[in-house]
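The values are calculated or read from the model by the stated rules, or taken from the named source; none is laboratory data. Note that the coordinates shown come from a computational prediction; the quantities given were computed from them, not determined experimentally. Here the Cβ is made from the backbone with ideal geometry for all residues, glycine too, and neighbour counts use every protein chain on show.
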Amino acid sequence: MSSRDIWSQVRKSPRQRYIDTEDKILRDRFEDPINYQVFYKDFLPDVEYRGWFYDDSSERKDLERKFLQVHPDDSIRQGEYIHWNGDVWLCLGVDKQYDNKQKGLIYQCLANQMNWIDEDGYHSFPFWSQSKVLRDPLSDGRAISLVEDTLIAFLQNNDETIEIKENLRFAFGVDTVFRVIERIDFAVDNTIKVIMKKDERRPTDDFINGIAENTVIEIIIEPILVNGNIGAQQQLIGTIRIDGVEDNTKTLSWSSSDDFIATVTSTGLIDFVSIGVCEITAEYNGIKNSVSVECTATPVNSTEYIIEPLMDTIPIGTKYEFTINKYVNGVIIPDTFSISDLTLGSGYGFIQVDGNTFSVENISDKNTNLTLEFDNTVDIFEEEYKLRMW
């Protein structure tokens with residue numbers, strides 16, 4: 001110990017010595033109490049924290065609210081999700097008045113989560129709701145039972161939840177839907193307060209997965225039947241449609257359920273490896289679609305005709321140019337087609353540009369369908385396009 005160290009100790013006030021003593025005791029015996037638990041934050045189980053979980057008094061045992069005092073080396077912030085005892089809790093208050101300890105006020109999130117789909121994909125976050133709902137005392141204390149038509153939810157403020165906008169709808173329970181009427185993201189640190197009103201149900205609301213209709217994202221994979229022999233390749237074409245309109249600005253990720261049977265590249269190219277059946281999945285931010293893939297020992301001749309873009313609805317005032325190609329075992333085979341208009345109606349423009357390309361323009365003042373026939377002298381098939389006023 002240097003003279004500087006001795007002098008610094010001499011100059012310490014009684015209060016500082018008390019703080020130092022308390023800090024040493026806390027660190028030496030922090031893991032001794034019966035309410036000591038290990039937890040993690042914000043869906044990151046690999047990073048562990050230490051803390052004391054307790055109620056505000058021995059007389060009151062609030063199952064939905066706890067205090068959490070973290071280890072002196074750790075900290076806690078409002079809006080953090082606390083994963084403890086198999087449940088998710090949300091921190092809505094922090095006491096920092098002490099020099100060597102921080103206490104957080106945490107609330108148990110509901111069993112339901114706020115699930116929604118927007119142009120960025122699928123999102124799901126736990127939330128805590130105050131009074132406007134009644135918690136069922138006969139259940140686990142977290143089930144929603146409505147007593148009013150308003151629900152106030154608190155959840156973490158992050159890059160995903162900040163996109164919760166007014167009029168976004170959420171599905172809860174068996175048949176209940178709420179619509180956002182206000183989002184407050186400035187009143188509480190790192191926390192969003194969402195005020196919702198009960199909304200009418202729609203036939204397209206998904207109560208099985210807890211997703212109300214807002215933005216509809218579809219992933220289309222062509223071809224839908226895939227097979228090939230060992231050593232062969234086949235190209236899959238994946239398309240993202242948002243509310244029925246193809247979006248070429250977003251990228252799909254591809255994966256195989258069994259790389260020993262078939263592998264797939266980042267562009268959807270399949271390599272057949274060994275005999276068997278597996279699933280090839282295309283995914284965009286949690287939205288998925290899959291096709292079944294069969295690998296055989298001998299060649300299987302599979303012919304597919306694919307028209308791109310993969311869409312069948314043309315809104316009024318728009319014109320699309322389409323290309324048709326023939327695929328044999330996933331490989332493009334040069335071919336030409338005679339394309340005929342079977343509808344012979346009005347309200348649209350149809351032009352065959354060449355043997356593989358045609359265009360359709362919707363100028364109709366009413367909803368109608370256009371049927372085209374494709375003939376390459378070997379196969380004849382039809383494709384129907386919906387001309388719509390929206």
Subject >> The listed residue being surrounded by 14 or more Cβ atoms within 10 Å (Cβ to Cβ), in contact with a helix residue (DSSP H, G or I) (Cβ under 8 Å, 6 or more places away or on another chain) and modelled with pLDDT of 90 or more, out of 154, 125 >> reply: 125
**OP:** Quick one: in the stretch 251-270, of everything that is loosely packed, with under 14 Cβ neighbours inside 10 Å and of a type outside the set (Ser, Thr, Tyr), which residue is nearest to residue 285 (Cα to Cα)?
**Re:** 259
Original post:
Counting only residues that are assigned to a loop (DSSP other than H, G, I, E, B) and in contact (Cβ under 8 Å) with a residue 24 or more places away in the chain, how many does the stretch 174-194 have?
Top reply: 6
Original post:
Of these, 283, 279, 294, 308, which one is assigned by TED's automatic domain parsing to the domain that holds residue 356, modelled with pLDDT of 90 or more and on the phi < 0 side of the Ramachandran plot?
Top reply: 308
Original post:
Just to be sure, is residue 4 surrounded by 12 or more Cβ atoms within 10 Å (Cβ to Cβ) and either of a type in the set (Lys, Arg) or modelled with pLDDT of 85 or more (or both)?
Top reply: no
Original post:
Tell me, which strands (runs of 3 or more DSSP E) lie completely within the stretch 279-374 with 1 or more residues that are over 26 Å from residue 216 (Cα atoms) and under 38 Å from the mean Cα position of the chain (by Cα)?
Top reply: 287-296, 303-308, 319-328, 331-333, 357-362
Original post:
From the set of residues in the stretch 344-354 that are of a type in the set (Gly, Ala, Ser) and touching a strand residue (DSSP E or B) at 6+ places or on another chain (Cβ under 8 Å), which is nearest to residue 305 (Cα to Cα)?
Top reply: 349
Subject >> Residues within the stretch 256-271 that are assigned to a strand (DSSP E or B) and either under 23 Å from the mean Cα position of the chain (by Cα) or within 16 Å of residue 289 (Cβ to Cβ) (or both), tallied >> reply: 3
Original post:
Only one of (1) modelled with pLDDT under 90; (2) in contact with a Cys (Cβ under 8 Å, 6 or more places away or on another chain); (3) crowded, with 19+ Cβ neighbours inside 10 Å fails for residue 142. Which number is that?
Top reply: (3)
Original post:
free of Cβ contacts under 8 Å to residues at least 24 places away in the same chain, touching a Lys or Arg at 6+ places or on another chain (Cβ under 8 Å) and surrounded by 12 or more Cβ atoms within 10 Å (Cβ to Cβ) - does that describe any residue in the stretch 32-52?
Top reply: yes
Original post:
Condition test on residue 251, is it farther than 30 Å from residue 166 by Cβ and either of a type in the set (Asp, Glu) or not assigned by TED's automatic domain parsing to the domain that holds residue 383 (or both)?
Top reply: no
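Out of the residues in the stretch 355-390 meeting the condition of being of a type in the set (Asp, Glu) and at pLDDT 90 or above, tell me which one is nearest to residue 304 (Cα to Cα).
379
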